[in-house]
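Input: a single structure, listed below in structure tokens.
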Amino acid sequence: MIRKNVFAMAAVLATALVLPAAPAHAGQPASGSLPAPLYAQLDSQYDRVIADLIRITETPAPPFKERARAELFAAMLRDAGLDDVTIDDEGNVLALRPGTQGAAAAGPVFAVAAHLDTVFPEGTPITVRREGDRLMAPGIGDDSLGLASMLVWARLLEANGIATSQPILFVATVGEEGPGDLRGVRHLFTKSAYAGRIGGFLSIDNADAGRIVHAAVGSRRYRLAFNGPGGHSYGAFGIVNPMAAMAGAVRGIYTIQVPAEPKTTYAASVVSGGTSVNSIPNQILLEVDMRSGDPAVLAQLERAVLAAAEAAVAGENVARSTRTGSITLDPQLTGDRPAGTTPADHPLVRAALAASQAAGFAARLDESSTDSNIPMSLGIPAITIGTGAGGGRTHSVDEYLETGRGRFVAGLSVGLSVILAQTNPAQLNALSQGQ
Ligand SMILES: [Zn+2]
């Protein structure tokens, strides 16, 4: 079905590309694979997109506390002209734009998603600052820009009455970042009203419109609790210490050899615990992150990490006295993101590469851990692409976005081109003829 739609669109887009360019904004790049009048409309929405972006960014969405931003975004989707907007049991915002033609309209939906949550805890100051073409604020690119992009696309589809054969489901997910463990997108594909109905998935995440993520890096994350009897640092000197076991575990983990291809990694990343400076602690927590594109390699790495921790615990129980108790290991799985791939020659991937290239970006394939992990692991075609004109310092309070108009609008055009290429809009022909 998707393959057929792409071929149908190829003819439409070919027509669009030979038409004279619309009145261009100064320095505006080529209209990419959008019909020139539609591209001009996208350009004319620039100020509105920036205003939306600032409003979304300044509405905090810490992990597990996305509700305020979800309600704002639901209202903005209604404002964009969509009627069927709901917030599901997990907290995702869903907006269905019905399809128009027969079997396609009743068949699978094409989902377009961006995530609501940020990595920043409650209370992080978020005021967008401007320095020339740069906008700066925590979370502005990851992923407020994805949300603002979806809004402008929905507005343009509605304003032009562009009917698509296939229904489009706009989704703002909760829980994409670390602690959320993809809970929003997992719910969407396994428990929501749309489970089993999504035929293709386009995630908008990051500000690099040249980057097309078609492979999902899988990850397993643990919180390893090293528990022991604890005691007075002076009075109980000589008893086992969970801190020493944790240190031994870190040393052991860092002797594990992993393949370079597929890229496989681990990190001992957070440590906490202890009672006071004059106490032998009774608990130390160590958080560990493991990733690989190959599920079998990831499983092997997981076994090796747990074995290293067990060996360190056994070593500590031999090295010092267990007269008041011994060290035990309590591993808790805190993150589980499945691996998966959408083949590089799949029409969805090819459409994204073509749209990105046509808009003037250095289009390339990449792999990452995003909302697309879940559909990819289920065998549903999915990609994650960027939007806008680039940025940096993601996941830091110095996060910034480049918002120079020409390139920014070119970046916004990529996702809309992919949506149109996948959902078979009949009216695009008319639009490209200036009606
Ligand atoms: Zn993100």
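No value in this document is a laboratory result; all are computed from the given coordinates. The structure displayed is predicted, hence computed values, not measured ones. FYI the Cβ positions are ideal-geometry reconstructions off the backbone, even for glycines, and counts take in every protein chain you see.
For the Cα atoms of the chain, what angle does the longest principal axis make with the long axis of helix 67-79, in degrees from 0 to 90, nearest 10?
For helix 67-79, the angle is close to 10 degrees.
Work out the length of the dipole vector of the chain about its Cα centre, built from +1 on the beta-carbon of each Lys and Arg and -1 on the beta-carbon of each Asp and Glu, and round it to the nearest 20 debye.
420
Taking only C-alpha pairs under 8 Å that are 6+ residues apart, what is the relative contact order of region 371-413 in percent?
Answer for region 371-413 is 34 percent.
Would you work out the relative contact order for the chain, in percent, from Cα pairs under 8 angstrom that are 6 or more residues apart?
25
Report the calculated FRET efficiency for Ala195 and Asp79 (r = Cβ-Cβ distance, R0 = 25 Å), to the nearest 0.05.
Calculated value: 0.35.
Suppose we keep just the DSSP beta bridges with both residues in the chain; what percent of those would be antiparallel, to 5?
70
Assuming 0.36 nm per residue, please report the length gained on full extension of the stretch Leu365 to Ala307 beyond their Cα-Cα distance.
Result: 17.4 nm gained on full extension.
Using Cβ counts within 10 Å as a stand-in for footprinting exposure, how do Tyr39, Tyr400 rank, fewest first?
Going from least to most buried by this count: Tyr400, Tyr39.
With r as the distance between the Cβ atoms of Val270 and Thr324 and R0 = 30 Å, compute the FRET efficiency 1/(1 + (r/R0)^6) and round to 0.05.
Between Thr324 and Val270 the formula returns 0.60.
How far is the Cα center of region 313-344 from the Cα center of region 107-158, in Å?
What the calculation gives is 37 Å, centre to centre.
Between helix 295-319 and the chain, what is the angle of the helix's C-alpha long axis to the longest principal axis, kept within 0 to 90° and rounded to the nearest 10?
Computed tilt is about 20 degrees.
List the relative contact order of region 191-316 as a percent without decimals, with contacts defined as Cα pairs under 8 Å and 6+ residues apart.
Averaging sequence separation for qualifying contacts and normalising by length gives 35 percent for region 191-316.
Once you sort the root eigenvalues of the Cα gyration tensor of region 218-337 as a ≥ b ≥ c, which label holds: rounded (a/c under 1.5), prolate (a/b larger than b/c) or oblate (the other case)?
prolate
I'd like the orientation of helix 2-18 relative to the chain: the angle between its Cα long axis and the longest Cα principal axis, in ° from 0 to 90, rounded to 10.
That helix lies at roughly 50 degrees to the long axis.
Where in region 251-294 does the label zone of His395 land, with the point 7 angstrom along Cα→C-beta and an amide N cut-off under 13 Å?
Those under the cut-off are 266-270, 288-291.
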